[in-house]
Amino acid sequence: MSVSPSSAASPMKTPEAATSLTSEEREISDVSHSAANVSTRQFDRLPEIFKKVVAKLEKPGLFKRFYMKITRKKTTDKIPSDVTCIWDYAGQISYYITHRFFLTDGSSYVVAFSLFEPLNELAESRGPLKDKFVMTNLQMIIFWIRSIYEHAVLQYNASTKLINDTIASPTISLVGTHKDKLEGSEEDKQNQIEAIFKIIFEEIKGMPFELHVDRTMYFVDNTSANDKGIEELKKNIGGYTKQMAKTVPTKWVDFQSKIQEVGKTTLRMSLDEVNEIAVDYGIPNENTIHILNYLSDCGIIMYSPTNMKLKNTVITNVHMLIEIFTKVIITKDKRPAMMKSWHLLDKGILSETLLRHLWKHELKEDKSNFEVFIKQMKVFGLLFEKQKQSEEDDRTFIVPCLMSIVKDKNMEVEKDKKEMVSIYVTPTDFLPDAVYSVLVVAFVDLMKKKGRSDDAELFQNRSDFDFDDDHLVSLGAVKIKNMHALKNLKVGFSIP
């Protein structure tokens, strides 16, 4: 498959295929025009009716998903027996927080990058958060791999599952694009490509996600209509997804179709309402949990049965929910009357007043939406709530992805100087990025209790707290033996 030009790597997900599917297309999300040009080619050999379905899906939006459903009815067309959903995620860093909603353990992923962009150069950032994003092209590739591992592996707390004793599930394949832009003979290009992949493979050496990364070097000539690299990728991913596929009862498929139909106009339903639909399709209430988990894994709905505050809520329109969440991230409606709140949001601090303003249309429909949305954002680490000092205080939240990056103050692993104490948080194998945000929130709450709320500077890569008149506490990300870790530095005139 061809990937739209970008120096920023972006993951593509192919969710596992269900075996019993009905004859109705389902669009879960809007699509970007560039992505449409990518994925439409995957269906060139399908019957004409399916080509018409794909054509309908070409609209602007955050990302694209094709979900083809096949009927068992007799037809003169040849119907493929295996169906794969292909998603093309927006590569802009502004939208990366939305990807975690669809990163599941029952999928195969592709991280695409440009062979033409040197790995050690800064990736070209796009979107409204471009000034808050500094990574090299190599770091960007590792960033996407880490994100997939954190949200599609660690979130499920499952033991490593090997496919044919060769690669762990979910699989991650690396695809280098724009081979045609490389200079030299075919042999020279091949040597350049091998050198690039060698650097990437060396960078992930010893990492826990190394088991998930396909060692095949896929590279694409963007000027070729029938690229060998794409054919090899399709073949291998097809093999992976076949091994990961699940057979589901026909009743589940009928239930799924009904839920998707409801989701066209309804954002969320109660678990009791969903149970009523399940009974209509011959599914007893005790089995509803299993089908909801399955549909949630496929990205069709969103359901959190282990969260006590959300176990009775089923999100039936995931894309609508994402649009609501992204209002916090990319909105530009900065009215003068609320500039104080906007200035705080530029630092990653979100007030309840501003949040209610952003969600005013949704709250007008249903006031209870506010708490549901907050809980959902917390589940995915999109925001954290600061502790209130009194019931009269306005609620305040921290939005980690909106905190700035301070370029010249990265923390380092170094010997402590006089009046310094460093504490390192090191993982046994993998430290989730969200840990930093959780610790920042804890420090912010502590500072508020001490009456020093204004004595803190918060950044994505480092935060500084004037803990008291004699001590400065800093928290930030470091690397120890190529492993992500956190450093807590205490500086003062007198260390107890």
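The candidates Thr288, Thr223, Thr331, arranged from most to least accessible area with a 1.4 Å probe in the full protein assembly, appear as Thr223, Thr331, Thr288.
Within the accessible area of the range 346-436, the carbon and sulfur atoms contribute 50%, probe 1.4 Å, all protein chains present. Taking a ≥ b ≥ c as the square roots of the eigenvalues of the Cα gyration tensor, an a/c ratio of 1.5 or more together with a/b no larger than b/c marks the range 363-496 as oblate.
Would you mind working out the magnitude of the charge dipole of the range 364-404 relative to its Cα centre, with +1 at each Lys and Arg C-beta and -1 at each Asp and Glu C-beta, to the nearest 20 Debye?
Numbers: 7 positive and 8 negative charges, 39 e Å.
About 180 debye.
When only the Cβ of Lys, Arg, Asp and Glu is charged (+1, +1, -1, -1), the dipole of the range 204-343 relative to its Cα centre reaches about 620 debye.
Hey, what's the range 320-361 come to in accessible area per residue, 1.4 Å probe, Å²? Mind dumping the intermediate values first?
On the way: 2130 Å² over 42 residues.
Normalised by residue count, the accessible surface of the range 320-361 is 51 Å².
How high is the FRET efficiency from Thr326 to Asp468, r the C-beta distance, R0 35 Å, rounded to 0.05?
Numbers: r = 39 Å, r/R0 = 1.11.
So, using R0 = 35 Å, E works out to roughly 0.35.
In this view, the solvent-accessible surface of Val413, computed with a 1.4 Å probe and all protein chains in place, comes to about 80 Å². When Trp342, Trp252 are compared by accessible area of protein heavy atoms, the largest-first order is Trp252, Trp342, using a 1.4 Å probe.
Using a ≥ b ≥ c from the Cα gyration tensor of the range 287-421 (square roots of the eigenvalues), is it rounded, prolate or oblate, where a/c under 1.5 gives rounded and otherwise the larger of a/b and b/c decides, a/b for prolate? Oblate, because a/c is 1.5 or more while a/b does not exceed b/c.
Here the range 103-246 exposes an accessible surface that is 48 percent carbon and sulfur, computed with a 1.4 Å probe and the other protein chains kept in place.
Of the whole protein surface, Glu273 contributes about 90 Å² of accessible area at a 1.4 Å probe radius.
If DNA, RNA and ligands are ignored and the probe is 1.4 Å, what is the ranking of Phe430, Phe219 by accessible area, most exposed first? Intermediate results must be reported in sequence, preceding the final value.
Working: Phe430 20, Phe219 50 Å².
Reading off the accessible areas and sorting them downward yields Phe219, Phe430.
Counting only heavy atoms of the protein chains, get the accessible area per residue of the range 191-295 (1.4 Å probe) and round it to a whole Å² value. Working shown, then result.
Working: 5520 Å² over 105 residues.
For the range 191-295, the per-residue accessible area is 53 Å².
Shape of the range 196-353 from its Cα gyration tensor (a ≥ b ≥ c, root eigenvalues): rounded if a/c is under 1.5, otherwise prolate when a/b > b/c, or oblate? Note, shape of the range 196-353 comes out oblate.
The values are calculated or read from the model by the stated rules, or taken from the named source; none is laboratory data. Keep in mind it's a predicted model, so treat the numbers as computed, not measured. Note that each Cβ is placed from the backbone with ideal geometry, even for glycine, and that neighbours are counted across all protein chains shown. The protein model used for the area step is the full one, side chains on, heavy atoms only, and it has no ligands, DNA or RNA in it. Shrake-Rupley method; radii C 1.70, N 1.55, O 1.52, S 1.80 Å.
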